[in-house]
Amino acid sequence: MTLTPKSVARISLVSSLVLAAAGAAVLAAAPASGAASTLGAAAQQSGRYFGTAVAANKLGDSTYVGILNREFDMVTAENEMKMDATEPNQNQFSYGNADRIVNQARNQGKRVRGHALAWHSQQPGWMQNMSGTALRNAMLNHVTQVATYYRGKIYAWDVVNEAFADGSSGGRRDSNLQRTGNDWIEAAFRAARAADPGAKLCYNDYNTDNWSHAKTQGVYRMVQDFRSRGVPIDCVGFQAHFNSGNPVPSNYHTTLQNFAALGVDVQITELDIEGSGSSQAQQYQGVTQACLAVARCTGITVWGIRDTDSWRASGTPLLFDGSGNKKAAYTSVLNALNNGTGGTTPPTSTTTTTSNPGGGGCTATYSEGEKWNDRFNGNVTVTGTDNWIVTVTVSSPQRIIATWNTSASWDSANVMTARPNGNGNTFGFTVQHGGNWNWPSVSCRVA
């Protein structure tokens, strides 16, 4: 995250689809009996974390620290682990404020996300004046020294931050690091792996939430390339800074799912949503449930604790107001996290069912995905042809509320027709089950 507002894409999409999948209405003001009462504990029920960004100069604020200790189980240093803070003079490293945050978190049993090892912004002055081989070597030395210093203490590193350009190019940002050679990101990841083999290594960026955007596609292609060549990348961070001009996109779940399908974890790393009241609460709920709907979405971090702690304070974008009171957005997130694991117990079978082959040997295989009290995910894999039509039939009162990796149409409320959309021969969907846990039936034919 930069210290000045980012250039956000002005998109007109609204978050209606995300919110529909989330159940739209904000849930009751208090968690259900027996449910977890804090964000971290509620997230842990589904094997996830819920974290926040922390500033060292606020660790003397008792209200701030009280909320931090109670609610969150993952911590990200807001600025104290960035390049200018940790290496203010070349080869002279300074970890004092970063250590305050890391030690406070670990003493409370919390994990730490490291943010960030290599970035075009917030570089120390000496680095800003470098170029070419000297800059490349200095960057790699910084990555190595900082990751080695914190080896074993960091859950995941944002190895490289914000390296792609905004706009329609889908290409890299022009920066002093980029001008050292197009392989600089790969080199940074390899250096980080050598320095701290136990940490997850992430690429982190903003305005990559909308699947149709060129920037999102550019990052996707890079991750796909890295995975195909064995470059050590374990996760992708989505900053998720939203406001009225840059709302939660309707295809947000698709974005998370498609990146996860590359074999990396996805994490929401800097979430804040400007607004207030039920509208803000519903958007927070939608984002939370989008993460819950993707098995490899391993956690959510909000960028600050109270509205007054935010870099966007005037937009009141966080879960607690300036006095530390829980907002409606807090309740919507907590209840979404609790509902992600509670309620009616679904079937536990993980076997697959296969439809009868259609014309030309087309076969559709259904497998169950994640399950919640009110909905479940299903996945379909097609073999025998790349030119397929799959019919998915659900039984009342079930209805399909979201799809990914397919072009879908509905013959009726209970029958969906799925076709390829260029993202391979595996697609998925979310079923709001209404108490009916029966698996959908699938059949395939060659188009």
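Yes/no per residue for (1) open to solvent by less than 10 Å² (accessible area, probe 1.4 Å); (2) more than 21 Å from N129 (Cα to Cα); (3) aliphatic (A, V, I, L, M); (4) under 21 Å from the mean Cα position of the chain (by Cα):
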| residue | (1), (2), (3), (4) |
| --- | --- |
| V143 | yes, no, yes, no |
| Y150 | yes, yes, no, no |
| K153 | no, yes, no, no |
| D158 | yes, yes, no, yes |
| D174 | no, no, no, no |
| I185 | yes, no, yes, yes |
| F189 | yes, yes, no, yes |
| P197 | no, yes, no, no |
query = Are any residues in region 160-172 in contact (Cβ under 8 Å) with a residue 60 or more places away in the chain and crowded, with 22+ Cβ neighbours inside 10 Å, and if so, which ones?
reply = E162
ask   = Among the residues of region 95-137 satisfying the criterion of being open to solvent by 40 Å² or more (accessible area, probe 1.4 Å), within 30 Å of the chain's Cα centre (by Cα) and free of Cβ contacts under 8 Å to residues at least 24 places away in the same chain, which is nearest to A165 (Cα to Cα)?
value = G96
query = With respect to T316, is the statement that it is on the phi > 0 side of the Ramachandran plot and either aromatic (F, W, Y) or surrounded by fewer than 24 Cβ atoms within 10 Å (Cβ to Cβ) (or both) true?
reply = yes
ask   = Residues in region 280-297: is at least one modelled with pLDDT of 95 or more, under 20 Å from T63 (Cβ atoms) and not in a loop (DSSP other than H, G, I, E, B)?
value = no
query = Do we have P317 as closer than 26 Å to Q44 by Cβ and not in a strand (DSSP E or B) here?
reply = yes
inquiry  = I need every pair where a residue in region 379-405 that is without any contact (Cβ under 8 Å) to a residue 40 or more places away in the chain has its Cβ under 7 Å from the Cβ of a residue that is open to solvent by 40 Å² or more (accessible area, probe 1.4 Å) and assigned to a strand (DSSP E or B), sequence separation at least 6 or different chains.
reply    = R399/Q432
query = Exactly one of (1) over 29 Å from the mean Cα position of the chain (by Cα); (2) surrounded by fewer than 17 Cβ atoms within 10 Å (Cβ to Cβ); (3) in a strand (DSSP E or B) is unmet by T391. Its number?
reply = (2)
ask   = In region 274-284, is there at least one residue being crowded, with 24+ Cβ neighbours inside 10 Å and among the aliphatic types (A, V, I, L, M)?
value = yes
inquiry  = Which count do you get for residues in region 44-58 that are surrounded by 16 or more Cβ atoms within 10 Å (Cβ to Cβ) and either modelled with pLDDT under 95 or not small (G, A, S) (or both)?
reply    = 8
message = Being more than 17 Å from G369 (Cβ to Cβ), in contact (Cβ under 8 Å) with a residue 40 or more places away in the chain and buried (at least 23 other Cβ atoms within 10 Å of the Cβ) is the filter here; which residues of region 256-269 pass it?
response = Q267, T269
key: Lone qualifier among G434, G428 - being under 25 Å from F259 (Cβ atoms) and under 29 Å from the mean Cα position of the chain (by Cα)   = G428
inquiry  = Restricting to region 59-94, name every residue that is open to solvent by 10 Å² or more (accessible area, probe 1.4 Å) and part of a strand (DSSP E or B).
reply    = N89, Q92
ask   = Of the residues S228, S244, which is under 24 Å from G286 (Cβ atoms) and small (G, A, S)?
value = S244
query = Taking region 374-415 as the search range and keeping residues that are of a type outside the set (V, I, T) and in contact with a helix residue (DSSP H, G or I) (Cβ under 6 Å, 6 or more places away or on another chain), which one is modelled with the lowest pLDDT?
reply = A402
inquiry  = Tell me yes or no: at least one residue of region 332-346 is buried (at least 21 other Cβ atoms within 10 Å of the Cβ), in a strand (DSSP E or B), at pLDDT 90 or above and of a type outside the set (D, E).
reply    = no
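The values are calculated or read from the model by the stated rules, or taken from the named source; none is laboratory data. What you are looking at is a predicted structure, and each value in this text was computed from that prediction instead of being measured. Glycine gets a Cβ as well: all are built from the backbone with ideal geometry, and neighbour counts include every protein chain shown. Ligands, DNA and RNA are stripped out before the accessible areas are found, and what is left, the full protein with its side chains, is counted by its heavy atoms. Shrake-Rupley method; radii C 1.70, N 1.55, O 1.52, S 1.80 Å.
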